[in-house]
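Each reported figure results from applying straightforward, stated rules to the coordinates on display, with no laboratory input. These numbers were taken from a predicted model, which means no experiment stands behind them. Cβ placement follows ideal geometry from the backbone for every residue including glycine, while neighbour counts extend to all protein chains displayed.
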Number of protein chains: 2
Amino acid sequence: MHAPPHAVDADATTGKSRDAANTRRLLLSSARRRFAQDGYSATRVRDIAADAGVNVALINRYFSSKEGLFEACLAHARDELGRSDGSSATLDDLVEALTRQVAGPANGDRSLQLLLLLRSSGDETADAIRLNTLRYFADQMAVAAGRSVEDVSSDDLRLRAQIALSTMLGIALLRASSTGLEPLASTGVDGLEGPLRDVITALLAPRL
Amino acid sequence: MHAPPHAVDADATTGKSRDAANTRRLLLSSARRRFAQDGYSATRVRDIAADAGVNVALINRYFSSKEGLFEACLAHARDELGRSDGSSATLDDLVEALTRQVAGPANGDRSLQLLLLLRSSGDETADAIRLNTLRYFADQMAVAAGRSVEDVSSDDLRLRAQIALSTMLGIALLRASSTGLEPLASTGVDGLEGPLRDVITALLAPRL
DNA sequence: TCGCTAAGTCATCACTTGTTTACATCGACT
DNA sequence: AGTCGATGTAAACAAGTGATGACTTAGCGA
């Protein structure tokens, strides 16, 4: 087994040497997928550890508990989602960004983040992050609708943005649902962008 | 305590006497709520039994297993959902029916049926019922869009109907989500019908 | 009233869950 | 070498989980 002495490997996926930060990343990645796809209580910590190729006890070492790991996933999703939609200034940009978010490419991680926002453990802290992210996300969509600022604070626009968000989440959920609902499940970005534009325009476009 | 000999009570909610059909109903009702709100694996059979005011073992007696009870809930939801939307012949009728479905009144049962379609146990039979109901529901919406029959079979219309369904499911989910997302969570039928009409019209209205 | 059957109860099983504990191993520093 | 803290491993624990089978009770006709 003679481990290579030049253990500056630090490869993210195949790193064999002892690298705490790396195993943390591995655990987070596996956990995110499991939590998003199967829900909180349906995922077992042993499965997460197995996916990461790591011992179960390390979950508790690095994240204190299953709930701690879930919160970490949620926080990660919040940061990543908060970063991605800041660039969409117009409605068209928003549609394109959201379509990519829900239907890939690089589908591996994107849509999982959305799913995560629908999964609930019983934990208050996690649910707070979840609700906060959802609210922020919807408000960002309202802003991108290009209305005036006082419009954004109106409950009617908020409601409409949250309904648009509901659509995104519903699609993400149905696409990920164990048994795929066709044609929705296997429609790509190209096929999804049209209808999605119709929805978001109908909900958020300024009234003429 | 001398139990009244004329035990023809058989009241659905307060029935104390031994009534198999009634306890079955009670179990189904409690289970539907639990499964819909908390998901499959997060609900414990003991909680269901406690809600129904019934002994835990009766779940296995009447439904063979926890999964059997879940399948029964799903089948019940399928029948009830299949019955409710047959009446909507026009797009406006559809919007009104769906709005009621997701936002009450008599919210107690309606939206739970929708939520149930998003909850998955690992069971194949249950998932089959679930997928089947979703497909049927979306197709019904396409039919109500008032297009010609050959249009309904087109994948584009199917996709659009499924996206509309996604919106309904997403809303139901966000409204039921443990911590409510305002204003969506507490908006009634009146406030929801407008935006919902916009969405469904944008998705399903025949192109001019 | 007796006795049978359906309906419900109780104790307990086998198993899974998240978590913890005790131990082994690596890498670095003196 | 030898020590030490960080990292990882394996085994076990305690609390629950769904399920089961033997027992008790209610209802009802003979």
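How much length, in nm to one decimal, is gained on full extension between B:ARG46 and B:ALA75, taken as 0.36 nm per residue of separation minus their Cα-Cα distance?
Details: separation 29, 0.36 × 29 = 10.44 nm, distance 2.18 nm.
Working it through step by step, the gained length comes to 8.3 nm.
Can you list the distances in nanometres, one decimal and ascending, from the A:ASP51 label point to the identical position in each other copy, with the point 7 Å along Cα to Cβ?
2.8
From the phi angles alone, apply the Karplus equation (6.51, -1.76, 1.60; θ = phi - 60°) to the stretch A:129-135 and give each ³J(HN,Hα) in whole Hz, x where the residue is Gly or Pro.
Karplus-based 3J(HN,Hα) across the stretch A:129-135 equals 4, 4, 4, 4, 5, 4, 4 Hz.
Apply the a/c threshold of 1.5 to the C-alpha gyration tensor of the stretch A:70-204 and tell me whether it is rounded, prolate or oblate.
Details: a/c = 1.70, a/b = 1.05, b/c = 1.61.
Here the stretch A:70-204 falls in the oblate category.
How many nanometers, to one decimal and shortest first, lie between the label point of A:PRO206 and those of its other copies, if labels sit 7 Å from Cα toward Cβ?
3.4
Taking a point 7 Å out from Cα toward Cβ as the label site, list the nm distances between B:GLU182 and the same residue in every other copy, smallest first.
The answer, with the shortest distance listed first, is 4.6 nm.
Ranked highest first by the average count of other Cβ atoms within 10 Å around their residues, in what order do B:176-183, A:192-199 fall? Don't skip to the end; give the middle numbers.
Working: B:176-183: 16.0, A:192-199: 20.6.
Result, highest mean first: A:192-199, B:176-183.
Multiply the residue separation of A:ASP19 and A:ARG83 by 0.36 nm, subtract the distance between their alpha-carbon atoms, and state the gained length in nm to one decimal. Mind dumping the intermediate values first?
Values: separation 64, 0.36 × 64 = 23.04 nm, distance 2.74 nm.
Going from the current span to full extension adds 20.3 nm.
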